[in-house]
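Colleague: First the structure, which I've put down as structure tokens, then a few questions once you've had a look.
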């Protein structure tokens, strides 16, 4: 892939809580022709998410949180979502154990990593590490 991409310029548009960059690049298509593309990338770091479950009671633990982006687009209620957080300086498993204790009040054992996809690779650099773990009340 390296021989198909030439970075022409990068410009930081914002560097507040996260970094927003504008990149101009040349991309060689399958037919061999080069085309110039302009892309914006948003980098806020990677994260981790966990779904604690209790197989005996057929339950999972979720959190309810206010999310401004949802509010700004018309969703007036807090969102119901899985426990998650940004890695910051932690590895994914350490991060999610910390988040589960902070957000859910549980110290989870036997945390199992499932997969780690990019969340919106067209413009966002974030990779999210997914975990599950059993819990009991």
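The values are calculated or read from the model by the stated rules, or taken from the named source; none is laboratory data. Treat the numbers as computed from the prediction; the structure is a model and nothing was measured. Because the Cβ atoms are built from the backbone with ideal geometry, glycine has one as well, and the counts that use them run over all protein chains shown.
Colleague: Test residue 3 against the criterion of being outside any strand (DSSP E or B) and either surrounded by 13 or more Cβ atoms within 10 Å (Cβ to Cβ) or under 15 Å from the mean Cα position of the chain (by Cα) (or both), and give yes or no.
Modeller: Taking the combined requirement at face value, the residue does not satisfy it.
Colleague: Quick check on segment 39-51. Is at least one of its residues closer than 14 Å to residue 129 by Cα, in a loop (DSSP other than H, G, I, E, B) and under 16 Å from the mean Cα position of the chain (by Cα)?
Modeller: Yes, because at least one residue in segment 39-51 is closer than 14 Å to residue 129 by Cα, in a loop (DSSP other than H, G, I, E, B) and under 16 Å from the mean Cα position of the chain (by Cα).
Colleague: Could you tell me whether residue 74 is touching a strand residue (DSSP E or B) at 6+ places or on another chain (Cβ under 6 Å) and either outside any strand (DSSP E or B) or closer than 30 Å to residue 99 by Cα (or both)?
Modeller: no
Colleague: Something else: Count, please, the residues in segment 77-98 that happen to be outside any strand (DSSP E or B) and closer than 20 Å to residue 18 by Cα.
Modeller: Looking only at that region, the number is 7.
Colleague: Need the failing condition index for residue 109 against (1) exposed (fewer than 13 other Cβ atoms within 10 Å of the Cβ); (2) within 13 Å of residue 46 (Cβ to Cβ), just the number.
Modeller: (2)
Colleague: Please verify whether segment 93-111 includes one or more residues that are within 27 Å of residue 12 (Cβ to Cβ) and either in contact (Cβ under 8 Å) with a residue 24 or more places away in the chain or over 16 Å from the mean Cα position of the chain (by Cα) (or both).
Modeller: Yes: one or more hits.
Colleague: Give the residues of segment 76-90 that are over 14 Å from the mean Cα position of the chain (by Cα) and either touching a residue at least 12 places away in the same chain (Cβ under 8 Å) or loosely packed, with under 11 Cβ neighbours inside 10 Å (or both), sorted by residue number.
Modeller: Correct list: 76, 77, 78, 79, 80, 89.
Colleague: Still on this structure, I have one more. Quick check on residue 24: is it closer than 14 Å to residue 128 by Cβ, assigned to a strand (DSSP E or B) and modelled with pLDDT of 95 or more?
Modeller: no
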